[in-house]
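Okay, structure first, notes after.
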Amino acid sequence: MPDGGGDRQAELGFAGLAVQAGVKSAIASLWYVSDQGTLGLMSEFYTDLRTAPIKAAALRQAQMDMIQGVVRIESGQLVTRRGAVPLPPELADIGTQSLAHPYYWAGFTLIGSPW
């Protein structure tokens with residue numbers, strides 16, 4: 001019976017390719033995400049990764065920080081739990097922006113091992 005066609009591996013995209021190449025895990029976005037959202041999520045993810053028991057928990061905490069407004073754009077700076085970081089000029093002119101909407105954080109997923 002046909003499987004419906006297509007290449008199942010292609011659905012995994014770049015993160016799937018990384019896992020196939022031997023990395024234990026990769027974070028991928030399921031749809032186009034903004035540079036500001038990605039910067040906010042990754043900044044918190046790598047901070048949380050230092051103390052989280054597993055990578056999946058660090059990703060979840062970073063997403064929660066965005067939902068709760070802990071991570072946001074304010075006056076041309078990325079505000080995180082660690083403080084504020086100036087944005088590059090091409091991103092700095094957006095003023096103040098909440099990153100709580102699912103568009104900014106919900107598209108990220110962990111592929112491979114959660115540890």
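No lab work stands behind these numbers, since they all come straight from the coordinates. Note that the coordinates shown come from a computational prediction; the quantities given were computed from them, not determined experimentally. Every residue, glycine as well, gets a Cβ built from its backbone with ideal geometry; the counts of neighbours run over all protein chains shown.
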Task: Which of Val70, Ala57, Ile111, positive extreme of dipole for the chain (C-beta unit charges) - done: Ala57
Task: Electrostatic dipole magnitude of the stretch 59-98 [Cβ: Lys, Arg +1; Asp, Glu -1; Cα centre; debye, to 20] - done: 260 debye
Open item on the list: Can you compute the helix-only [θ] at 222 nm over the chain? Use -39500 (n - 2.57) per DSSP H run of at least 4 residues, normalise by all residues, nearest 500 deg cm²/dmol.
Closed with: -10500 deg cm²/dmol
TODO: Compare the Cα positions of Pro89, Gln36, Val19 along the charge dipole of the chain (+1 at Cβ of Lys, Arg; -1 at Cβ of Asp, Glu; about the Cα centre) and return the one farthest towards the positive end.
DONE: Val19
- [ ] Label the stretch 61-115 by shape, choosing from rounded, prolate and oblate, from the square roots a ≥ b ≥ c of the eigenvalues of the Cα gyration tensor; if a/c is under 1.5 it is rounded, and otherwise prolate applies when a/b is larger than b/c, oblate when it is not.
- [x] prolate
Task: Ala92-Val33 FRET efficiency (beta carbon distance; Förster radius 25 Å; 0.05 resolution) - done: 0.85
Task: Extension gain, His101 back to Tyr46 (0.36 nm per residue minus Cα-Cα distance, nm) - done: 17.7 nm
Task: (i) 17.9, 57; (ii) 16.0, 58; (iii) 13.0, 42, with the label sought being that of the calculated Rg and Dmax of the Cα atoms in Å - done: (ii)
Open item on the list: Quick one: 3J(HN,Hα) in Hz for the stretch 20-32, Karplus 6.51/-1.76/1.60 with θ = phi - 60°, rounded, Gly and Pro as x.
Closed with: 5, 7, x, 5, 6, 7, 8, 9, 10, 9, 7, 8, 4
